[in-house]
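A short worksheet on the structure shown next.
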Amino acid sequence: MLRRHMETSVVSRLSTRPSFRVPALMVALLVASGWPARANDSAAELSIGGLQFVRTNDVAMASEDLRIALDRVSVRYQFANATSKPVTLTVAFPLPDIDLSEAENVALPSNDPVNFVDFETMVDGSPAPLTIDQRAMAGNKDVTALLRELKLPLLPIGGREIRVADLPEATRTRLVNDGLLMPAGMSDNGRQQYAPGWTIKTSAVRQQVFPPARTVTVEHQYRPSVGSSPDTILRSSLRRSSALGQEVARYRKEYCVQDAFLAELDKRAGNSQANTAKLQERRISYVLKTGSNWAGPIRSFKLTIDPGGSDRLVSFCPGRLKATSGNTLEYSASDFRPDADLKILVIGTF
């Protein structure tokens, strides 16, 4: 069952690693994470097998104003046609991939099996029609047609969840043989249980005309998937555990956690083994690299991070982005070529 937005998942893949044994409660809070929320416009062309994202030399991104909050992500682009003629492109906004084999680690904002982040788009102030392109993949194999032939939902959430035990035996056997149903433990009476094992790839697609000699303003907003934990591995009493050293190192690298951040966290959390300050984690990801698919760099880029409270600690890797006028939650850059995606860590009381 896919988890709803802001809930904490407690199923752990790390618990199966023989070299990394920690108490069950710690495993739960360490890796109870939501899927990354992908987001950034990219020029694309539709071809057999799904969307192929390509570069364009005809349209430049004049500016991008990105605001990331735990309950809403919004972005405002201004595009400029670099030619003397109208340019029509298939523009795609990639939604997060969902690996159903790890469904217990997924937090979905919506029960809509297609537009599961409530994605909306405006062009020059007016709502823009779009098509949702959704495909099911098992490794590199497109299994969309097979699932539709078997009358199975691509994304089984809400009332569309698949009851494997109720499937015809021939269907169940075919799905298992094709690797689309994965072993998922044993039932109370000792029978093998299965869960869906394919990955859902989704993009919101539209045809966009870029007239010459003027800019086109495109605005997106959606509800992100947010990973959450009821504690944080970065508390002093946890991060100094040798058993958790590998995970702490990963956190420090992925979120560029600095010593000053940890010092402030220690001040708030204290040295108690128990989480007496009731600190929690929220994690959010944003795919930024597709912004480099347009002609030239992004001439003016601005990022605002809204953690939902002034007392919450925020850490991420800014790269070339510089804080605006000393505001540590507003960043900007000129002639910006994004070469990495954003991963943001927020710690506080929620």
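Taking a spot 7 Å from the Cα of residue 324 along the direction of its beta carbon, which residues of segment 65-99 have an amide N less than 20 Å from it? Of the residues in segment 65-99, 65-80 have backbone N under 20 Å from the label point off residue 324. The simple Förster model, with R0 at 30 Å and r as the Cβ-Cβ distance, assigns residue 191 and residue 150 a FRET efficiency of 0.90. One way to sum up the overall shape of segment 248-350 is the equivalent ellipsoid from its Cα gyration tensor, whose semi-axes run 30, 14, 11 Å, largest first.
Shown here are the Rg and Dmax of the Cα trace of segment 205-274, at 21.1, 63 Å. Label segment 141-225 by shape, choosing from rounded, prolate and oblate, from the square roots a ≥ b ≥ c of the eigenvalues of the Cα gyration tensor; if a/c is under 1.5 it is rounded, and otherwise prolate applies when a/b is larger than b/c, oblate when it is not. Verdict is prolate for segment 141-225.
Every read-out reported here was derived from the displayed coordinates using simple, explicitly stated rules and does not represent laboratory data. Being a predicted model, the structure only gives us computed values, none of them experimental. Because the Cβ atoms are built from the backbone with ideal geometry, glycine has one as well, and the counts that use them run over all protein chains shown.
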